[in-house]
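Please read the structure below before turning to the comments.
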Amino acid sequence: MNAAGALLDPQVLPQRPPDLQRSISAFVEEDGDQKRLHLLVEGAYCAACIQTIEGRLTADPIITEARLNLTLRRLTVTWKGDRHHANNIVESVEAIGYHVTPFDPEHLTQVDLQSGRELLRALSVAAFASSNIMMLSLAVWTGQMQDMAPATQSLLQWISALVTLPAIAVAGRPFFRSALRAILGGHTNIDVPVAIGVLSITVMSLVELVRHGHDVYFDSAPTLLFVLLIGRYLDFRVRARSRAAIERLLMLKAHGAAVCRDDGHIDVLPAAAVEAGMIVLVKAGERVPIDGIITEGCSELDVSIVTGESLPVSVAPGAPVLAGSINGAAALRLQATNTIDRSYLAEIVRLVEMAETSRGPAVTIADRAARIWTPIVHGVALLTFTGWCLFTNTGAVTALLHAVTVLIIACPCAIGLAVPAVQIVATGMLLKQGILLRSGDALERLASVDHVAFDKTGTLSEGRPVLVSLPEDCETLRTAASLAAASRHPLAQAIAQNAPDVPPAIGVIEFPGQGLSLLTALGEIRLGRASFCGVGYEIEDEATEVWLTRPGQPRVRFTFEDLPRKDARHAIEELRARSLKIAILSGDRKPTVARFAENLNIDEVHGGLTPAEKIELIEHWRSEGRRVLMMGDGLNDAPALAAAFVSASFTHGAPASQSAADIILPSDRLETIGVVHASAVRAIRIIRQNLVLAALYNIALVPLAIIGLVTPLGAAIAMSASSLTVTLNALRSGLPLKERR
Amino acid sequence: MGALLFLIPIALLLGGFGLLAFLWTVKSGQYDDLDGAAERILLDDEYSERNR
């Protein structure tokens, strides 16, 4: 047994695999002599970071440019010469303390930057057109009161037309495109009434201009676009920021697999490139990159993030290991059993996709409003036209004019702003607190949930063992801690945490899967499992235990539990106070889950579930009409997260769970779900108010338009006033939340 | 009336120059990193000269 021991030096941390660089030079973009590398940077927040990173890199004479984008935390470095210089670049940035990961910009950046630039271009054109035309329109309106010559009026209006037409062609493009897509797809969205409004305003104004009529509304169309584009652009920025943060989380967790070649060489390959049969080396503290069977080494694996089991599992040669587990104690060699696309992870991803298709897209409030709004407004316009044709003898042209005025007055400007304005403010406020929302409508769905289903391990609990039975005398604890401090084993760390001032003892030997031993002048001290410490009997209470034996002293038993998070009780009570029902869905063993739930006063408990069973349960709930918020951080929770009505994961969670979740909460802060739920409920209340406010303006003004009393000036005032009201009201969703009493 | 004939084109032209300048800033990527731009004003001039 002694042969398996290894002298531990507490100062030595697991190192990054030595030749990770190989995979990095594959990320270099080549443009003749010019080389470019894109890196994601973790931990850069301020001017000092920009200066340190860029300064360090530009001091290198080969590097021609280094630019850190602080919004997206992306670093782009260009240099001339050898592509392997990428390795030195990464090393020198890591040396100043920033963790970097190379990425391929092909996949994501361009889309974001392109759509942001297009919105800005459209916005600036709309701003130019609307301000200049408003200037000319004001001259016409005041001129009409002071007998301006009709020729001058028409000159000013012709100039307006010349500015408006190209401006609409540029600034209206995002709306026309989306409206066209919706109509071709056989449904309607908020852009359909916007597009129809803009086009009808412009066409009618042109006709009126030619006829020397009064109803020239050239100012309305660019103003409408300008206001809506401001909303779109802000919305884009908030979303791009959340999206970039989520992508960063996922990419920073990507790990290479250290593959042992026959010649003793170790190559770091991307996990996707590992083939079945290859031997992979996993050091202590590293994440297992691929499913496999252990060929060499004994260790303990932390599988909490994969299966939801809270306590470490001992493994020995022959034992199967799942990708994503964290190797706790000693280095392991695994033989890969499957390629990545046939691994457990791939199975989970398939379940996630299935769950997403079966859930289907949610209909947002904005869509619902558009679906009610569009037919009503167009119906009223049609009635106006027929009414004027039937009951007056002014002719079809005048009737059409009045019908189009109805369309303009019932302008969807405020309706179009009502929802996004609130979402921008609310998501922006949450973003500042580190809460990421994948989509704006996540708030809508969250506000209407009636059940919350929690995963246990890592979500409600700490996800690691905590020492629950402290020995009475301090000396025993200190002795145990001095041995424990030398090990990375989760149970040892749990002991060491209770005496943080105790230094690790020199000469501790670790027997992986067994325990720790220290030879002293008096004899051997052992800390480990019962058999290792010579304890012949087992206490039947299922608790995880560690024994301490010392020469000449009675042995001591330490027990551990995966305790609830400190804020779990508070978070659950807060959710209950909002009349939400609580349940636990866990992959951990049933008795453990039951005991845990009892501790937190939760009645509805489902333990021992596989990922597929979790989906089944959630789908069963959905068929009962329950709207479930699922919260989980593990790989095994990902399918359930995708199946639930709305879902939340954590920044410490497994990447698969983060990409399946709608909301990502800051690591280890469970109580933030209360804040998110409260602000979601408030945001929906404000959205409803906004829709009502917008409708009120229309109810007041549309009758005037029907009987033909609305002027272009009146239309401009109504539009600005309603947009302003809606926007100001939306700002309330960013106010700090009131404390619940 | 005569004044309008050249004042309005001048006003539109001036505005148009502003618009073109803005479109150029968008095209050259000056709005791609607003957070970074906000922080960069804190950096010393000699630093930004060197890093040009």
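The values are calculated or read from the model by the stated rules, or taken from the named source; none is laboratory data. In this text, all values refer to a predicted model and were calculated from it rather than measured experimentally. Don't worry about glycine lacking a Cβ; one is built from the backbone with ideal geometry, like all the others, and counts go over all protein chains shown. Remember, those area values only see protein heavy atoms, side chains included, never the ligands or the DNA or RNA. Shrake-Rupley method; radii C 1.70, N 1.55, O 1.52, S 1.80 Å.
Do we have A:Gly434 as modelled with pLDDT of 85 or more and either within 30 Å of A:Val546 (Cα to Cα) or part of a loop (DSSP other than H, G, I, E, B) (or both) here? It is true that A:Gly434 is modelled with pLDDT of 85 or more and either within 30 Å of A:Val546 (Cα to Cα) or part of a loop (DSSP other than H, G, I, E, B) (or both).
Across region A:293-309, the qualifying residues are those that are over 19 Å from A:Ala331 (Cα atoms) and not polar (S, T, N, Q), and the one among them that is modelled with the lowest pLDDT is A:Gly308. Do we have A:Val452 as modelled with pLDDT of 80 or more and open to solvent by less than 20 Å² (accessible area, probe 1.4 Å) here? It is true that A:Val452 is modelled with pLDDT of 80 or more and open to solvent by less than 20 Å² (accessible area, probe 1.4 Å).
Answer yes if at least one residue in region A:75-88 is within 17 Å of B:Gly36 (Cβ to Cβ), of a type outside the set (Gly, Ala, Ser), touching a helix residue (DSSP H, G or I) at 6+ places or on another chain (Cβ under 7 Å) and surrounded by 15 or more Cβ atoms within 10 Å (Cβ to Cβ), and no otherwise. Yes; the residues of region A:75-88 include at least one that is within 17 Å of B:Gly36 (Cβ to Cβ), of a type outside the set (Gly, Ala, Ser), touching a helix residue (DSSP H, G or I) at 6+ places or on another chain (Cβ under 7 Å) and surrounded by 15 or more Cβ atoms within 10 Å (Cβ to Cβ).
Does A:Leu382 qualify as being of a type in the set (A, V, I, L, M) and exposed (fewer than 15 other Cβ atoms within 10 Å of the Cβ)? Spelling it out, A:Leu382 is indeed of a type in the set (A, V, I, L, M) and exposed (fewer than 15 other Cβ atoms within 10 Å of the Cβ). For A:Arg478, indicate whether it is open to solvent by 10 Å² or more (accessible area, probe 1.4 Å), under 30 Å from A:Pro639 (Cβ atoms) and basic (Lys, Arg). No. Restricting region B:3-26 to residues that are in contact with a Ser or Thr (Cβ under 9 Å, 6 or more places away or on another chain) and open to solvent by 50 Å² or more (accessible area, probe 1.4 Å) leaves a set whose member that is nearest to the other protein chains (Cβ to nearest Cβ) is B:Phe22. Counting only strands (runs of 3 or more DSSP E) wholly contained in region A:534-609, the ones carrying 1 or more residues that are of a type in the set (Ser, Thr, Tyr) occupy A:544-550, A:553-561. On inspection, A:Gly507 fails the criterion of being out of contact with any helix residue (DSSP H, G or I) (no Cβ under 6 Å at 6 or more places or on another chain) and either under 24 Å from A:Val313 (Cα atoms) or open to solvent by less than 20 Å² (accessible area, probe 1.4 Å) (or both). Note on region A:544-567: residues that are within 46 Å of the chain's Cα centre (by Cα) and not β-branched (Val, Ile, Thr) total 13. Within region A:491-528, being more than 42 Å from the chain's Cα centre (by Cα) and either assigned to a loop (DSSP other than H, G, I, E, B) or touching a residue at least 60 places away in the same chain (Cβ under 8 Å) (or both) holds for A:Ala505, A:Ile506, A:Gly507, A:Val508, A:Ile509, A:Ser517, A:Ala521, A:Leu522. Somewhere in region B:36-47, is a residue surrounded by 10 or more Cβ atoms within 10 Å (Cβ to Cβ), more than 7 Å from chain A (Cβ to nearest Cβ) and modelled with pLDDT of 80 or more? Checked region B:36-47: at least one residue is surrounded by 10 or more Cβ atoms within 10 Å (Cβ to Cβ), more than 7 Å from chain A (Cβ to nearest Cβ) and modelled with pLDDT of 80 or more. Considering region A:599-650, and only residues there that are among the acidic types (Asp, Glu) and either touching a Lys or Arg at 6+ places or on another chain (Cβ under 6 Å) or within 15 Å of A:Gly458 (Cα to Cα) (or both), the residue that is surrounded by the most Cβ atoms within 10 Å (Cβ to Cβ) turns out to be A:Asp637. Within the option set A:Ala169, A:Ala151, being open to solvent by 50 Å² or more (accessible area, probe 1.4 Å), aliphatic (A, V, I, L, M) and at pLDDT below 90 holds for one residue only, A:Ala151. The set of residues in region A:180-194 being at pLDDT below 80 and open to solvent by 90 Å² or more (accessible area, probe 1.4 Å) consists of A:His187 alone.
Using the structure shown, decide if A:Leu39 is within 23 Å of A:Gly116 (Cβ to Cβ), more than 9 Å from chain B (Cβ to nearest Cβ) and open to solvent by less than 10 Å² (accessible area, probe 1.4 Å). For A:Leu39, the condition - within 23 Å of A:Gly116 (Cβ to Cβ), more than 9 Å from chain B (Cβ to nearest Cβ) and open to solvent by less than 10 Å² (accessible area, probe 1.4 Å) - is met. Of the helices (runs of 4 or more DSSP H) that lie entirely inside region A:102-210, those containing 1 or more residues that are touching a Ser or Thr at 6+ places or on another chain (Cβ under 6 Å) and within 14 Å of chain B (Cβ to nearest Cβ) span A:109-145.
Restricting attention to region A:594-609 and to residues that are touching a Ser or Thr at 6+ places or on another chain (Cβ under 8 Å) and among the small types (Gly, Ala, Ser), the residue that is nearest to A:Ala583 (Cα to Cα) turns out to be A:Gly607. Only a single item in (1) touching a His at 6+ places or on another chain (Cβ under 6 Å); (2) hydrophobic (A, V, I, L, M, F, W, C); (3) closer than 16 Å to A:Gly463 by Cα is not met by A:Val593, and it is number (1). The numbered conditions (1) open to solvent by 30 Å² or more (accessible area, probe 1.4 Å); (2) modelled with pLDDT of 85 or more are all true for A:Leu113 except (2). The condition of being among the hydroxyl-bearing types (Ser, Thr, Tyr), under 29 Å from A:Ala583 (Cβ atoms) and in contact (Cβ under 8 Å) with a residue 40 or more places away in the chain holds for only one of A:Thr459, A:Thr405, that being A:Thr459.
Considering region A:289-359, the qualifying strands (runs of 3 or more DSSP E), each wholly inside and each with 3 or more residues that are buried (at least 18 other Cβ atoms within 10 Å of the Cβ), run over A:299-302, A:332-336. Residue pairs whose Cβ atoms lie under 8 Å apart, separated by 6 or more positions or on different chains, with the first residue in region A:677-693 and outside any helix (DSSP H, G or I) and the second open to solvent by 50 Å² or more (accessible area, probe 1.4 Å), do not occur.
Residues checked against (1) polar (S, T, N, Q); (2) within 30 Å of A:Pro666 (Cβ to Cβ); (3) at pLDDT below 80:
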| position | (1), (2), (3) |
| --- | --- |
| A:Ser461 | yes, yes, no |
| A:Glu472 | no, no, yes |
| A:Arg478 | no, no, no |
| A:Pro490 | no, yes, yes |
| A:Gln497 | yes, yes, no |
| A:Pro503 | no, no, no |
| A:Leu527 | no, no, no |
| A:Cys533 | no, no, no |
| A:Leu548 | no, no, no |
